[in-house]
1. Around Leu6, which amide H atoms from residues at least 5 apart in sequence, or from another chain, sit under 5 Å from its own amide H, with H modelled in the peptide plane?
2. From the backbone phi of segment 16-26, what are the Karplus-calculated ³J(HN,Hα) couplings (6.51 cos²θ - 1.76 cosθ + 1.60, θ = phi - 60°) in whole Hz, Gly and Pro given as x?
3. How big is Rg to Rh over the chain, alpha-carbon atoms, Rh as the Kirkwood inverse-mean-distance radius?
4. Specify which residue in the list Thr81, Thr29, Gly16 is farthest towards the positive end of the charge dipole of the chain, using unit charges on the beta carbon of Lys, Arg (+1) and Asp, Glu (-1), about the Cα centre.
5. If you place +1 on the Cβ of every Lys and Arg, -1 on the Cβ of every Asp and Glu, and leave all else neutral, what size is the dipole of the chain about its Cα centre, to the nearest 20 Debye?
6. How far, in nm, would the chain grow between Asp37 and Met66 when pulled straight, counting 0.36 nm per residue and subtracting the alpha carbon separation?
7. Could you give the angle, 0 to 90 degrees to the nearest 10, between helix 45-59's Cα long axis and the longest principal axis of the Cα atoms of the chain?
8. Roughly what would the spin-label model give for Gln55 and Ser93, points 7 Å off Cα along C-beta, in nm?
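Computed from the coordinates by the stated procedures, all read-outs in this text should not be read as laboratory data. Keep in mind the model is a prediction, meaning the values are calculated, not measured. Backbone-built Cβ (ideal geometry, glycine too); neighbour counts: all protein chains shown.
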Amino acid sequence: MRPHLLVLQADGEPIGNGWLRHGHLPEVTYGYSLVVDPEFRGRGHGRSAMAIGEQVTWDVGDRVVMFNVFGGNEAAMSLYTAVGYRVVEETRSCDLAAGVDG
């Protein structure tokens, strides 16, 4: 199944983009990217983009959409939580050069 590459627009102006891969797992769409340009954040465009991604997911026959979000990306984590996403998996890392306690 082909991925969807989305160009997010407001008033005809590009404001961000998204990349969805359908069938990542059975009935699962994986969101590789969702970006709203910094100058357009805080205006509800992220929520709108999530709704569009969810509709596209349904339209292709998948039932689940999932995104990866890196630690420290508080804006994305806050958005996902606000629209009802839950944490499924979490990973941790250690900078070995700094030491475990470091």
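1. The answer is Gly18, Trp19, Leu20.
2. Each residue of segment 16-26 in turn: x, 7, x, 9, 10, 10, 8, x, 3, 10, x Hz.
3. On the way: Rg = 15.6 Å, Rh = 15.0 Å.
Rg/Rh for the chain comes to 1.04.
4. About the Cα centre, the residue reaching furthest to the positive side is Thr29.
5. Values: 8 positive and 13 negative charges, 44 e Å.
The dipole of the chain has a size of about 220 debye.
6. On the way: separation 29, 0.36 × 29 = 10.44 nm, distance 2.10 nm.
That pair, Asp37 and Met66, stretches by 8.3 nm at full extension.
7. Relative to the chain, helix 45-59 is tipped by roughly 70 degrees.
8. The modelled label-to-label distance comes out at 3.6 nm.
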